[in-house]
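The structure appears right after this line, and notes come after that.
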Amino acid sequence: MYVRDTIAAISTPPGNGGIGIVRVSGDKAAAIGDAVFKPLKDGGLESHRFYFGSISDQRTGRTVDEAMAVLMRAPRSFTREDVLELHCHGGWLVVETVLELVLKCGARLADPGEFTRRAFLNGRIDLVQAEAVMDIIASNTEAALSLAQTQREGALSRRMDDVRSLLLKALALVEAYIDFPEDDLGKTDLQLISDSVERALAIIDELLSSFEEGRLLRDGVSVLIIGKPNAGKSSLLNLLINDNRAIVTHIPGTTRDIIEETIIINGLAVKLLDTAGIRHTEDLVEQEGINRAMDKILLADLVLFVLDASRSFTAEDQHIYDALSGSRVVAVINKIDMPRQLAIPDSISFEAAIDISAKNGIGNELLKQTVCECFFKGTSIDRRELVAISRSRHRDALKNAGNVLRRFMEGLDQCGLELLSIDLREALEAVASVTGQTTNDEVLDQIFSSFCIGK
Ligand code: GDP
């Protein structure tokens, strides 16, 4: 439910910084501005003008900080309400004190994502765009950022609107006949309905097929490094991340837990997970690490199976290989600087096998390239104009709409008009839930609670 009270929060990250911003949104924003902020030149705050002045506590008369302030009158603001921003020095205590003052003047502390939620509820952006705002903040690659920006600008929302209007057109035709039950669906109208629904289905299918790419660009991929103890997993991780994050020793089983590091390869965020060596052990701590490694196999998008070129292929290697069935696996043949002992049995195959020496860096670039190509074969990751869905929420809703529309098409000749209209309405509802036209409070709570406070 939308309560029209005035909310406030610190909109800059926690900790100390150059500037800290307290943002206020709601009917009281202007009055709060007048109460706490005194511009250097006398007079009130005009909308959309940036003022220099000071923030003070009215009750004590004490100056809290020198600051800048801007008031953005509704509807020309992010939330479409009156919005006040107070820019003060970025020490955490200063910013907290300014927030306290604002709260004392009648604002309430905002919930996570509440500013964006109001922007959505006031119709400034739809749900896809609100989610894109969150993705922009979370983006850590250029590709993820440009995908999020394209969504924020409304490219995906426009596709959803296209689907909606096609379905509404079909629904209008179907319902026109419901009102005149004596008439059968004419041939021309039948054709028009089927054309509209086919075109809507084509857009839905195209968007569904973009999901995998969208998800990879947005979330990156997780790559699990696995192999028997001493094969060189930690050394490989260090080589890839180019520092000494994982502890490397010659004592088997040093990496007792899963180490996570994210690197960016050609614009793709790759989360590397270094596992404990898989082997039978009496050491409970290590066993726990191994169990976790096994759990992670299924979750990883790709597995790098490190084999030691200087040792022969052992039962341990076979055991690991067997555990990888069903996963995408690239073999990383390490220690090629040493005399080669390894012979991989014919029964074993990989998506690719790359020779490397983690010790002196041989094969590093080829390996990175190979990892990338596993996900984006022959295409570059620069997707400035890509319109894709990147959230399972979107995918599930579109899948649902697609299934209903296929059922609709199958029944078009035989089913009664009432049933056809129910199908169309169901598909419309699913499509509308993506952009938020028909999304209940619970779903909204879930979406916005993952935002940060102040956004
Ligand atoms: P892990 O148990 O699989 O994580 O293996 P480590 O990364 O700890 O490496 C085990 C040992 O192999 C260490 O002594 C490393 O210095 C050594 N090592 C790792 N990679 C190479 C390599 O490419 N060539 C050689 N000669 N030694 C390596």
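The values are calculated or read from the model by the stated rules, or taken from the named source; none is laboratory data. Everything numeric here is computed off the predicted structure, so don't read it as measured data. Here the Cβ is made from the backbone with ideal geometry for all residues, glycine too, and neighbour counts use every protein chain on show. With ligands, DNA and RNA removed, areas are computed over all heavy atoms of the protein, side chains included. Shrake-Rupley method; radii C 1.70, N 1.55, O 1.52, S 1.80 Å.
Expressed as a whole percentage, what fraction of the accessible surface of the chain belongs to carbon and sulfur atoms when a 1.4 Å probe is rolled over the protein heavy atoms?
On the chain, the fraction of accessible area on carbon and sulfur atoms equals 51 percent.
Note down the magnitude of the dipole of the chain about its Cα centre, charges +1 on Lys and Arg C-beta and -1 on Asp and Glu C-beta and zero elsewhere, to the nearest 20 debye.
The dipole of the chain has a size of about 1460 debye.
For a quick check: with amide H placed at 1.01 Å from N, whose amide H comes under 5 Å from residue 272's, ignoring anything fewer than 5 positions away on the same chain?
223, 261, 262, 263
Starting at the first residue of region 91-104, write each ³J(HN,Hα) from the Karplus equation 6.51 cos²θ - 1.76 cosθ + 1.60 with θ = phi - 60°, in whole Hz, x for Gly and Pro.
x, 4, 5, 4, 5, 4, 5, 4, 4, 4, 4, 5, 5, 5
With a 1.4 Å probe and all protein chains left in place, how much accessible area per residue does the chain have, in Å²?
That works out to 48 Å² for each residue.
Which whole-Hz couplings ³J(HN,Hα) result when phi for each residue of region 121-138 is put into the Karplus expression 6.51 cos²θ - 1.76 cosθ + 1.60, θ = phi - 60°, listed in order with x for Gly and Pro?
In residue order, the calculated couplings are 5, 8, x, 6, 9, 9, 5, 4, 5, 5, 5, 5, 4, 5, 5, 4, 5, 8 Hz.
Hey, if you put +1 on the Cβ of every Lys and Arg and -1 on every Asp and Glu Cβ in the chain, which of 109, 440, 39 ends up farthest toward the positive end of that dipole?
The Cα lying farthest towards the positive end belongs to 39.
With every protein chain left in place and a probe of 1.4 Å, what is the accessible surface of residue 189, to the nearest 10 Å²?
40
So how much accessible area does residue 207 have, in Å² to the nearest 10, using a 1.4 Å probe?
0
Could you tell me the center-to-center distance, by alpha carbons, between region 33-57 and region 59-126 in angstrom?
Cα centroid to Cα centroid, the span is 14 Å.
Can you compute the charge dipole magnitude of region 124-169 about its Cα centre, using +1 on each Lys and Arg Cβ and -1 on each Asp and Glu Cβ, nothing else charged? Give it in debye, rounded to the nearest 20.
Dipole of region 124-169, to the nearest 20 debye: 240 debye.
Would you list, by chain and number, the lysines whose Cα falls below 24 Å from the Cα of residue 169, excluding same-chain residues fewer than 8 positions away?
In chain and number order, the partners are 187, 399.
Mind checking which of 409, 397, 353 is farthest towards the positive end of the chain's charge dipole, using Cβ charges of +1 (Lys, Arg) and -1 (Asp, Glu) about the Cα centre?
My answer, from the dipole projection, is 353.
Any idea how far the Cα center of region 148-183 sits from the one of region 381-451, in Å?
With region 148-183 and region 381-451 each reduced to a Cα centre, they are spaced 11 Å.
Quick one: which residues, 5 or more positions from residue 90 or on another chain, have an amide H under 5 Å from its amide H? H modelled 1.01 Å from N in the peptide plane, none for Pro or chain starts.
Distant-sequence amide H within range of residue 90: 17, 19, 20.
Could you work out [θ]222 nm for the chain from helices alone, using -39500 (n - 2.57) per DSSP H run of at least four and dividing by all its residues? Round to the nearest 500 deg cm²/dmol.
Here the helix-only value at 222 nm equals -14000 deg cm²/dmol.
Leaving ligands and nucleic acids out of the surface, order 275, 63, 438 by accessible area at 1.4 Å, largest first.
These residues rank, largest area first, as 63, 438, 275.
With point charges of +1 on the Cβ of Lys and Arg and -1 on the Cβ of Asp and Glu, referenced to the Cα centre of region 118-235, which listed residue (165, 196, 119) lies farthest in the positive direction of the dipole?
Positive-end residue among those listed: 119.
What list of ³J(HN,Hα) couplings, whole Hz, do you get for region 336-349 from phi and the Karplus terms 6.51, -1.76, 1.60, once you set θ to phi - 60° and write x for glycine and proline?
Along region 336-349, the couplings run 6, 6, 9, x, 7, 10, 6, 10, 7, x, 4, 5, 10, 9 Hz.
Per 20 Å bin from zero, what fraction in whole % of the C-alpha pairs of the chain is there, up to the bin with the longest pair?
With a bin width of 20 Å, the distribution comes to 20, 35, 34, 11, 0.
Compute, for residue 328, the solvent-accessible surface of its heavy atoms (probe 1.4 Å) with the complete set of protein chains present, and express it in square angstrom to the nearest 10.
80
Based on Cβ point charges of +1 for Lys and Arg and -1 for Asp and Glu, what charge dipole magnitude is obtained for region 345-452 about its Cα centre, in debye rounded to the nearest 20?
Here the size comes out at about 340 debye.
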